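Trainee: Following this message is one structure expressed as structure tokens.
The values are calculated or read from the model by the stated rules, or taken from the named source; none is laboratory data. Keep in mind that what you see is a predicted model, and the values were worked out from it rather than measured. Ideal geometry is used to build each Cβ from the backbone, glycine not excepted, and the neighbour counts take in all protein chains shown. The protein model used for the area step is the full one, side chains on, heavy atoms only, and it has no ligands, DNA or RNA in it. Shrake-Rupley method; radii C 1.70, N 1.55, O 1.52, S 1.80 Å.
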Amino acid sequence: MDKVGIVGFYQVKLYSDANYGRYEMIFEAVRGAIDSAGLKKKDITTAISCTNDYYDGRTISNCYTVEVGGGYMADESKVEMDGAHAVLYGLMRILSGNHKLSLVWGGSMASCFPYHAARLYETDPTWERPVAYVNDITAAGFQMRAYLEKYGVSIEDIAKIAVKNRKNASRNPLALQEAQNANITVKDVLDSEIYADPVTELMVAQPCDGVAALLLAPEKQALKITDNPVWITGVGYNQETYYLGDRDLTKSMSMELAGKMAFDAAGIKDPKKEIDLAEFFEAYAHEEVIFSEALGLVDMGEGTNLNSEIDGDIPINPSGGAIGGNPPCGTGLIRIIEAAKQLKGEADGYQVKDAKKAIASGQIGMCAQNNIVYILEGGN
Amino acid sequence: MSKLTQRKSMDYIKKQYRETRKMPGSWYLSNYKYKYNITHLQPFLKKLKEKKLVGLKCSGCNTVYYPPRFVCGKCLVKPNRWVDLRETGKVSTFAIAYLKDPETGEIQEKPMVLVHHDGADTASIAQLNPEVDFKDTYIGMPIKAHWAENPVGGLMDVEYYDLMKDDAKDLDLPED
């Protein structure tokens, strides 16, 4: 795969109930990204957005974000999945050779709609909905329970992941304030309100308000714009079967195959040694463990034993991850931005030392049905 | 960073906003009609009426699907061989949901389970007998379909799953 450079990015501060509207929030992110690269509106040749009709409360949700989203009289299109999938769309447009600068933005305001209730409509209307009440949280409960049972892992080990991510989030000024807690303990996580046993409130990535934007450019163009772009050297994506009962919930087959595709593209043979840090979109604490096993960062069943602190063996989610704030449609994009910050050495307060290669992932669907993985490399 | 973005989102000025006029209207998400052709499921529905369960076997990969599927995603063919299943099975995984009654406000603890039928290769979402204590649920618990009194040949003929006596030896605690 040809290298594609990340030449600019911007993320707004995440709020659980923001005081300003979606329109302004999108403008702030898009304008911020363009300014961070020192460019102008006319430099953008293609704009990709990531929003959702339901989340926006508007059919054809990209029709009203044209002006603020940089889509005015531009080659514009929308992805209705995760922000990381929108980056894939932008990446493909760059790789087609027809575009010089691709703007990708994504995000929504979860304070405007009931996120978890909406996801009840994700199950099959014929076979599943009449039988039982299952939304993404209950499905996560299925997966967590299956994982705990298979490897004999204790619930405290999963709670430790939530503790680590919330502590990391406290160092990240842009993370959700509710998720920032430097003094949180495993007991706090386990004692928080039960959502669907064994999933407790603090193990869930709280949906919030936020938008992020990213600029992509082909190799030559990227070097003209900036001296130190972050390169996307590999990407992989995969989709798993829809029905939960058809899957082995204790692992993520789609993440494994997506990882293989991305590592092949980037020429990575041993991810354990070569990868310096990972930014995962873990909608629930246990997903981080399942992802790191699927990508071969740790052996199967050993995920909870990995030292994934900022100064650990392989730092995972130094920014706090999705648990540090999960704006639907924007989270995967923020993961890529956070990984890029680490590679540029701009992660003030939560910087991983000597970070050269990073993984960023996005997902969508129940129990991470669809996964997308990026390999990012810094330096020239 | 240029002057334009010097205002950081963190210290964004709290703006005055007020609610504008509301337009009546609703998004009929829950009233949506989902169409599903049941022609290829007739044998399954007929058997349900006789209190019997069948799964669909894919001729390409021999996977037995229960509930029967229209298409096998792995082979992209229509599974076409009906195979008899037992009405017993085991809990493949579960989560406990806390449902609030909208009228009384009472919170009900309900185990949601994925049931793996004996003879099938896939599991399906189901509920346990409401009399089962949610604390007693475990992975691998043997269960049996509880039939409606008068099956009509529909999916809800299996109302829920009853507990079976677990005679597995490894459940007995060692004596010392």
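Trainee: Inside the stretch B:118-142, can you point out the residues that are over 14 Å from A:Ala132 (Cβ atoms) and surrounded by 20 or more Cβ atoms within 10 Å (Cβ to Cβ)?
Mentor: Scanning the stretch B:118-142 gives B:Ala120, B:Thr122, B:Met141.
Trainee: Follow-up. If only one of A:Lys100, A:Lys78, A:Lys42 is away from chain B (no Cβ under 12 Å), of a type in the set (Lys, Arg), over 24 Å from A:Glu282 (Cβ atoms) and in a loop (DSSP other than H, G, I, E, B), which one is it?
Mentor: A:Lys100
Trainee: I want to confirm something. Restricting to the stretch B:73-95 and keeping residues that are more than 8 Å from chain A (Cβ to nearest Cβ) and within 24 Å of A:Asp136 (Cα to Cα), which single residue is nearest to the chain's Cα centre (by Cα)?
Mentor: Among residues in the stretch B:73-95 that are more than 8 Å from chain A (Cβ to nearest Cβ) and within 24 Å of A:Asp136 (Cα to Cα), the one nearest to the chain's Cα centre (by Cα) is B:Val91.
Trainee: Quick check, is B:Thr88 open to solvent by 60 Å² or more (accessible area, probe 1.4 Å) and among the polar types (S, T, N, Q)?
Mentor: So B:Thr88 fails the test.
Trainee: Taking into account only those residues within the stretch A:10-30 that are acidic (Asp, Glu) and in a helix (DSSP H, G or I), which is farthest from the other protein chains (Cβ to nearest Cβ)?
Mentor: A:Glu24
Trainee: Going by the conditions given, is A:Leu343 open to solvent by 10 Å² or more (accessible area, probe 1.4 Å) and either touching a Gly at 6+ places or on another chain (Cβ under 6 Å) or of a type in the set (Phe, Trp, Tyr) (or both)?
Mentor: Taking the combined requirement at face value, the residue satisfies it.
Trainee: Name every residue in the stretch A:46-59 that is at pLDDT 90 or above and open to solvent by 50 Å² or more (accessible area, probe 1.4 Å), in order of residue number.
Mentor: Selection gives nothing.
Trainee: Another question about this same structure. Quick check on my filter: what residues within the stretch A:45-75 are over 24 Å from A:Tyr115 (Cα atoms), in contact with a strand residue (DSSP E or B) (Cβ under 6 Å, 6 or more places away or on another chain) and either without any contact (Cβ under 8 Å) to a residue 24 or more places away in the chain or not in a loop (DSSP other than H, G, I, E, B) (or both)?
Mentor: A:Thr46, A:Ala47, A:Asp75
Trainee: More than 14 Å from chain B (Cβ to nearest Cβ) and of a type in the set (Lys, Arg): which single residue out of A:Lys269, A:Lys251 fits that description?
Mentor: A:Lys269
Trainee: A:Leu244 passes all but one of (1) touching a Lys or Arg at 6+ places or on another chain (Cβ under 9 Å); (2) surrounded by 19 or more Cβ atoms within 10 Å (Cβ to Cβ); which number fails?
Mentor: The one condition A:Leu244 does not meet is (1).
Trainee: Follow-up question, since we're still on this one. Looking only at residues that are more than 15 Å from B:Asn129 (Cα to Cα) and within 12 Å of chain A (Cβ to nearest Cβ) in the stretch B:96-117, which one is most open to solvent (accessible area, probe 1.4 Å)?
Mentor: Looking at the filtered set, the residue picked out is B:Lys100.
Trainee: Something else now. Scanning for something buried (at least 20 other Cβ atoms within 10 Å of the Cβ) and of a type in the set (Lys, Arg), does the stretch A:17-25 turn up at least one residue?
Mentor: Checked the stretch A:17-25: at least one residue is buried (at least 20 other Cβ atoms within 10 Å of the Cβ) and of a type in the set (Lys, Arg).
Trainee: While we're here: Mind checking which residues of the stretch A:130-154 are more than 7 Å from chain B (Cβ to nearest Cβ), in a helix (DSSP H, G or I), of a type outside the set (Val, Ile, Thr) and within 19 Å of A:Pro207 (Cβ to Cβ)? Step through it out loud before you land on a result.
Mentor: Step one: list which residues in the stretch A:130-154 are more than 7 Å from chain B (Cβ to nearest Cβ), which gives A:135-137, A:139-140, A:143-144, A:147-148, A:150-154.
Subset that is in a helix (DSSP H, G or I): A:136-137, A:139-140, A:143-144, A:147-148, A:150-151.
Checking which are of a type outside the set (Val, Ile, Thr) leaves us with A:136, A:139-140, A:143-144, A:147-148, A:150-151.
Answer for the stretch A:130-154, where residues must be more than 7 Å from chain B (Cβ to nearest Cβ), in a helix (DSSP H, G or I), of a type outside the set (Val, Ile, Thr) and within 19 Å of A:Pro207 (Cβ to Cβ): A:Asp136, A:Ala139, A:Ala140, A:Gln143, A:Met144.
Trainee: Also: Can you name the condition, by its number, that A:Phe291 falls short on among (1) assigned to a helix (DSSP H, G or I); (2) open to solvent by 10 Å² or more (accessible area, probe 1.4 Å)?
Mentor: Answer for A:Phe291: the failing condition is (2).
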